[in-house]
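Everything on this sheet refers to the single structure shown next.
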Amino acid sequence: MREGSPDPELYEFQRYRGRKPFAWPGGKKVAVWISPNLEYYEIDPPANPHRKSWAKPHPDVVGYSHRDHANRVGHWRMADVMSKHGFPGSVSLSVALCQHHPDVVADANARGWEFFSHGIYNTRYSYGMDERQERAIIEDSIRTVREATGQAIRGWLAPALTHTPRTLDLIAEYGMDYTCDLYHDDQPFPVKVSKGRLISMPYSLEVNDHYGFFIYNMSPREYAQTLIRQYERLAAEESGTVMCIPLHSYLIGQPHRIGPFEEVLRHIAADDRAWITRAGDIADAWYAVQEDAR
């Protein structure tokens, strides 16, 4: 990223129309992956001068306890519905959860979900970090997830979507395959990094339940209808696309929201255009297509 440039210079411009068509395994039209954000929020985190952790003065008991519903209740409700309809999770993990609530991480691992890093805590931001600090967080994430689950993390979603100019270079250097921090496309796309390789994995702010309920003020039914419209359009495109459904179980796992969401899963699972999968499998398939094209 060149200082002073109006363009982040992280990827080439390539218009959507006119790209060489490709299909996902089995000729599927749209790769559907669900990203449960399994997070931990500190009640009284150290202050970051660039951003407040809580809207209210902390300790914010109300904000903390609302999010604590996720690990006490919401996760189990959300996860059971996903498993019932054959949807694995690709977990955006606050890796400190491995110490604070290891049973949540163990449950996700037992269901065959994969894990990528969402930083240590969702109340500690990358803004202002030097390279040594950022490397320490990446190394902590790799080590902690391996010890807790046996898995090697392959992707990254920055904590609370906060970055430094070196974040993408560093995660590629540490051998990760994808970032979820770019929202520029409906297909995977190469990211320019100084070492190694990296692709952007289509994640979503538009159909993220946080945006649906907190920003757009949708009802549970409206959110479910939005997901179905998103799926139907992507499945009708000429080439293979990706649909990510990012979730926070303290939101989607509420009793009044889980029913409409289950209808979405039932709708997608019944449609043979969907490849219901995980982010790492999408990365593998995309890299294989690019290798075959050479």
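Remarks
- Test: Ile276 is open to solvent by 10 Å² or more (accessible area, probe 1.4 Å) and either within 28 Å of His66 (Cα to Cα) or free of Cβ contacts under 8 Å to residues at least 40 places away in the same chain (or both): no
- Of all residue pairs spaced 6 or more apart or on separate chains, those with beta-carbon atoms under 7 Å, a first member in segment 82-94 that is over 18 Å from Gly280 (Cβ atoms) and a second member that is modelled with pLDDT of 95 or more are Ser83/Arg111; His85/Leu265; His85/Arg266; His85/Ala269; Ser94/Leu38.
- The listed residues are Arg135, Arg166, Arg143, and the only one of them that is basic (Lys, Arg), within 19 Å of Val105 (Cβ to Cβ) and open to solvent by 30 Å² or more (accessible area, probe 1.4 Å) turns out to be Arg143.
- Members of segment 243-287 found to be of a type outside the set (Gly, Ala, Ser), within 17 Å of Met201 (Cα to Cα) and not in a loop (DSSP other than H, G, I, E, B), listed by number: Met243, Cys244, Ile245, Pro246, Leu247, Trp275, Ile276, Asp281, Ile282, Asp284, Trp286, Tyr287
- Total residues in segment 171-203 satisfying the condition of being hydroxyl-bearing (Ser, Thr, Tyr) and surrounded by fewer than 19 Cβ atoms within 10 Å (Cβ to Cβ): the figure is 3.
- Against the conditions (1) open to solvent by 10 Å² or more (accessible area, probe 1.4 Å); (2) within 29 Å of Gly18 (Cβ to Cβ), Ala283 satisfies every one except (1).
- Residues of segment 108-132 that are of a type in the set (Val, Ile, Thr) and open to solvent by 10 Å² or more (accessible area, probe 1.4 Å): Ile120 alone.
- The set of residues from segment 204-230 being part of a helix (DSSP H, G or I) and open to solvent by less than 40 Å² (accessible area, probe 1.4 Å) comprises Asp209, Gly212, Phe213, Pro220, Tyr223, Ala224, Thr226, Leu227.
- Some residue of segment 231-242 being in a helix (DSSP H, G or I) and among the hydroxyl-bearing types (Ser, Thr, Tyr): yes
- Within segment 24-46, none of the residues are over 30 Å from Ala79 (Cα atoms), over 20 Å from the mean Cα position of the chain (by Cα) and modelled with pLDDT of 70 or more.
- Condition check for Val73: at pLDDT 95 or above, farther than 27 Å from Trp275 by Cα, open to solvent by 10 Å² or more (accessible area, probe 1.4 Å) and assigned to a helix (DSSP H, G or I): yes
- Just one residue in the set Tyr211, Tyr223, Tyr216 is touching a Gly at 6+ places or on another chain (Cβ under 6 Å), free of Cβ contacts under 8 Å to residues at least 60 places away in the same chain and over 29 Å from Gln290 (Cα atoms); that residue is Tyr223.
- So Arg143, is it over 24 Å from Met243 (Cα atoms), in a helix (DSSP H, G or I) and modelled with pLDDT of 95 or more: yes
- The residues of segment 90-107 that are among the small types (Gly, Ala, Ser), surrounded by fewer than 24 Cβ atoms within 10 Å (Cβ to Cβ) and farther than 23 Å from Ile43 by Cβ amount to a single one, Ala106.
The values are calculated or read from the model by the stated rules, or taken from the named source; none is laboratory data. This one's a predicted model, so the numbers in the text were calculated from it and none came from an experiment. Cβ sites come from the backbone with ideal geometry, for glycine too, and all protein chains shown count toward neighbours. These area figures cover heavy atoms from the full protein model, side chains too; ligands, DNA and RNA do not enter into them. Shrake-Rupley method; radii C 1.70, N 1.55, O 1.52, S 1.80 Å.
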